[in-house]
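Structure first, commentary second.
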Amino acid sequence: MILPATICFAALAILTLIAAATGYRGLVCDRDRGYPVPDHVARTPHLARRANQSVAFWCTGTAVLSVAPLFPLVRMLTDGIEGQNLTVSSVAVLVAYGALLVAIGRLPFALIKRYTAEPA
């Protein structure tokens, strides 16, 4: 049970780093290399900039937070504790923490859908 948890948190860290890199490069609103965003966000420069900053910020935070459980999990793997299973309560905590991280990683994409163009 330790190895699957380690793989899940490592994959979450990698995927959110890729999303953060897309935000830092300013490609969130790019139709080919970015993510689906509302047309008015892609057409409005300040909304596109805000979308890029939001994805970069929240996905970087999610990536950093998803690395935290890797330290004890990898240590358990390298110490040869693989034969032992995690307790039910520790699995529940890891699942809840993972669900929280996924919610944080999805937050900027939900916020982008709510962006509205400011009246001129």
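Dipole orientation for the chain: of the candidates 18, 102, 115, 115 has the Cα lying most toward the positive pole (charges on Cβ; Lys, Arg +1; Asp, Glu -1).
In the stretch 14-66, the C-alpha radius of gyration followed by the widest Cα-Cα span (Dmax) gives 10.7, 33 angstrom.
Each Cα pair under 8 Å and six or more residues apart adds its sequence gap; the mean of these over the residue count of the chain is a relative contact order of 38 percent. Projecting the Cα atoms of 73, 60, 92 onto the dipole axis of the chain, where Lys and Arg carry +1 and Asp and Glu carry -1 at the beta carbon, places 60 farthest toward the positive end. Mean silhouette area of the chain, derived from the convex hull of its C-alpha atoms and averaged over all directions, reads 8.2 nm².
What is the dipole size for the stretch 37-120, taken about its Cα centre, with +1 at each Lys and Arg Cβ and -1 at each Asp and Glu Cβ, in debye to the nearest 20? Intermediate results must be reported in sequence, preceding the final value.
Numbers: 7 positive and 4 negative charges, 80 e Å.
In total the dipole reaches around 380 debye.
Long hydrophobic helices in the chain, taken as whole DSSP H segments with a C-alpha length of 30 Å or more on their own axis and mean Kyte-Doolittle hydropathy at least -0.5: 2-24, 45-67, 88-114. Computed from label points 7 Å out along Cα-Cβ, the spacing between residue 67 and residue 40 is 3.8 nm.
With a 1.4 Å probe and every protein chain kept in, tell me what percent of the accessible surface of the chain is carbon plus sulfur. Mind dumping the intermediate values first?
Working: 5070 of 7500 Å².
The C+S portion of the solvent-accessible surface of the chain is 68 percent.
Over all other residues within a Cβ to Cβ distance under 11 Å of residue 52, the charged ones net out to +2, with Lys and Arg as +1 and Asp and Glu as -1. Work out how much length residue 100 to residue 1 would gain on full extension: take 0.36 nm times their residue separation and subtract the Cα-Cα distance, in nm to one decimal. Contour length minus the Cα-Cα distance gives 33.7 nm.
The values are calculated or read from the model by the stated rules, or taken from the named source; none is laboratory data. Keep in mind that this is a model prediction, so the values were computed, not measured. Here the Cβ is made from the backbone with ideal geometry for all residues, glycine too, and neighbour counts use every protein chain on show. These area figures cover heavy atoms from the full protein model, side chains too; ligands, DNA and RNA do not enter into them. Shrake-Rupley method; radii C 1.70, N 1.55, O 1.52, S 1.80 Å.
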